[in-house]
Amino acid sequence: MAGEAEREEQGGGAIEREVRIEASPETVFDLLTDPEQYVRWKGRKAWLDVAPGGEFKVEVNDQATAVGEYVEVDPPRRVVFTWGWEGHPVVPPGASTVEITLTPDGDGTVLRLVHHGLPPAEVEQHTQGWDLYLSRLVTVGAGRDPGPDPNLG
């Protein structure tokens, strides 16, 4: 994809994903921003201060805690936050940016995620992570149980 190649030349890889969720944008926005709702599909604990400059922190397991800061919050349409991992030498907190846009689609919502600024060597692992967690989000959004998070250990 030309856009992806261009981003890598500018110093960072990008992930782009789009999924349809059987829920309203308001419901999906809550799943992305309410700590109790967030852990239904990703991680075991979340600290989410959902305002520009607020903390984004999700403890996935004992070895992985994602940390960043909210950049833009536009309920129920868009949320942007920086992203990285506590103690990670290559993708430290704030090293990359995640942009999520929600668009109404009939009785559901199309979620578009763009994660950019990743070092090229980290794109594949982060792509696998987003694919896993977006599928869990689709399941939870539809009112179903996604089962245990396989990354909880």
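The values are calculated or read from the model by the stated rules, or taken from the named source; none is laboratory data. In this text, all values refer to a predicted model and were calculated from it rather than measured experimentally. Neighbour counts run over all protein chains shown; Cβ positions are idealised from the backbone, glycine included. These accessible areas exclude ligands, DNA and RNA; they are computed on the full protein's heavy atoms, side chains included. Shrake-Rupley method; radii C 1.70, N 1.55, O 1.52, S 1.80 Å.
Worth a mention:
- Residues within the stretch 13-48 that are open to solvent by 20 Å² or more (accessible area, probe 1.4 Å) and either among the aromatic types (F, W, Y) or in contact with a Cys (Cβ under 9 Å, 6 or more places away or on another chain) (or both), tallied: 1
- Meets criteria (at pLDDT 95 or above and open to solvent by 20 Å² or more (accessible area, probe 1.4 Å)) for D62: no
- The sole residue among I15, I21 that is in contact with a His (Cβ under 6 Å, 6 or more places away or on another chain) and modelled with pLDDT of 95 or more is I15.
- Looking only at the stretch 39-62, residues that are under 25 Å from P104 (Cβ atoms), touching a helix residue (DSSP H, G or I) at 6+ places or on another chain (Cβ under 7 Å) and not aliphatic (A, V, I, L, M) come to 3 in all.
- Check on L118, in contact with a Leu (Cβ under 8 Å, 6 or more places away or on another chain) and either within 20 Å of G12 (Cβ to Cβ) or buried (at least 19 other Cβ atoms within 10 Å of the Cβ) (or both): no
- Candidates are the residues of the stretch 88-115 that are open to solvent by 30 Å² or more (accessible area, probe 1.4 Å), among the β-branched types (V, I, T) and in contact (Cβ under 8 Å) with a residue 40 or more places away in the chain; the one that is nearest to R78 (Cα to Cα) is T103.
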